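Working notes for the structure below.
The values are calculated or read from the model by the stated rules, or taken from the named source; none is laboratory data. Just so it is clear, the structure is predicted and the values come from calculations on it, not from any experiment. All Cβ positions, glycine included, derive from the backbone under ideal geometry; neighbour counts span all protein chains shown.
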Amino acid sequence: MEIIIQPTPDAASIIAARIIAQLVRSKPDCVIGLATGSTPIATYNELIRLHREEGLDFSNVTTFNLDEYVGLPPEHPQSYHAFMQEHLFRHINVSSKRIHIPNGMAKDVAGECARYEYAIRAAGGIDLQLLGIGSDGHIGFNEPTSSLASRTRIKTLTERTREDNARFFNGDLGQVPMHCITMGVGTIMECHQVLILAFGAKKAQAIAEAVEGPITAMNPASILQMHAVAKVLMDEPAAGSLRKRDYYRYVWENKPTWQRV
Ligand code: F6R
């Protein structure tokens, strides 16, 4: 894992956007996995700026989102379909035909999950997956004790995750769906490159366990230690519990010029 500690969420997000932009420029028909939640918003804002001001072209890019709530139609303001339109898709020139988000309204949920896995394979796999991390270490909505080999499937959200996400539902826990469809940990591990973002002290423990703890289904993000190309970008508060944080800063500061983003 490459650990990148930055002074602010914006500084880390600019690096994440640059890595994504480099991929889009070098492989215009790349496949990008996207996340929702508060964490990736600044990265999306920077990608929108790069599109508007520097002509970053998404017209041949294919996207796959990590997850969607079961029972929320795409037009529901808190659905991840709506989130992606609002925070990214409507501001860039990605083709709607190349956007993939699990259908939370599918009657045949198992069939929808199998279809999603098939679509990822048919697209040639995911070149780069952007991830946030839950305060309990989840990636996608793979909650603690999720199989580290899991594929896209239905999951029950923990109370903690529902409480964390209640802020998107006017603080009303009763409105937060109980279930979601999420890419599995195994699905995420097959992506060629993973970028994981974490901001704020609330993520410090999950990040310390994921980066420096044992690999365990109790912190699903910890499996990324086994990923060949995983970058973990964070601000100072999220790095607060890392034992080797001085070493990670030292590595970043002394990166060979040719390796810099
Ligand atoms: C979102 C997702 C989740 C979030 C995580 C962090 O698509 O899969 O894993 O990345 O819950 O959420 P925020 O960024 O809101 O703290």
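Values as computed for the structure displayed
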{"read-out": "Filter result (farther than 18 Å from P237 by Cβ and not in a helix (DSSP H, G or I)) within the stretch 1-22", "value": "M1, E2"}
{"read-out": "All strands (runs of 3 or more DSSP E) inside the stretch 49-154 with 1 or more residues being touching a Ser or Thr at 6+ places or on another chain (Cβ under 7 Å) and among the charged types (D, E, K, R)", "value": "67-69"}
{"read-out": "Residues of the stretch 133-155 classified as surrounded by fewer than 21 Cβ atoms within 10 Å (Cβ to Cβ) and over 19 Å from P177 (Cα atoms), total", "value": "6"}
{"read-out": "Residue list for the stretch 121-147, filter: of a type outside the set (K, R) and more than 19 Å from P40 (Cβ to Cβ)", "value": "A122, A123, G124, G125, E143, P144, T145, S146, S147"}
{"read-out": "Checking T145 against (1) among the β-branched types (V, I, T); (2) near the ligand (Cβ under 10 Å from one of its atoms); (3) at positive phi, the condition it does not meet", "value": "(2)"}
{"read-out": "All positions within the stretch 166-188 that are part of a helix (DSSP H, G or I) and touching a residue at least 40 places away in the same chain (Cβ under 8 Å)", "value": "F168, F169, Q175, V185, T187, I188"}
{"read-out": "Which numbered condition R160 fails, given (1) assigned to a helix (DSSP H, G or I); (2) at pLDDT 95 or above; (3) not small (G, A, S)", "value": "(2)"}
{"read-out": "Looking only at the stretch 190-234, and only at residues there that are in contact with a His (Cβ under 7 Å, 6 or more places away or on another chain) and in contact (Cβ under 8 Å) with a residue 40 or more places away in the chain, the one that is farthest from I126 (Cα to Cα)", "value": "P220"}
{"read-out": "Residue that is farthest from L157 (Cα to Cα) [pool: residues in the stretch 214-261 that are among the β-branched types (V, I, T) and either at pLDDT below 95 or crowded, with 18+ Cβ neighbours inside 10 Å (or both)]", "value": "T257"}
{"read-out": "Subset of the stretch 174-219 [touching a strand residue (DSSP E or B) at 6+ places or on another chain (Cβ under 8 Å), of a type in the set (S, T, Y) and more than 15 Å from the ligand (Cβ to nearest atom)]", "value": "none"}
{"read-out": "Residue pairs meeting the criteria (Cβ under 8 Å; at least 6 apart or on separate chains; first touching a residue at least 60 places away in the same chain (Cβ under 8 Å), in the stretch 72-90; second part of a helix (DSSP H, G or I) and surrounded by fewer than 18 Cβ atoms within 10 Å (Cβ to Cβ))", "value": "Q78/F168; Q78/F169; Q78/Q175"}
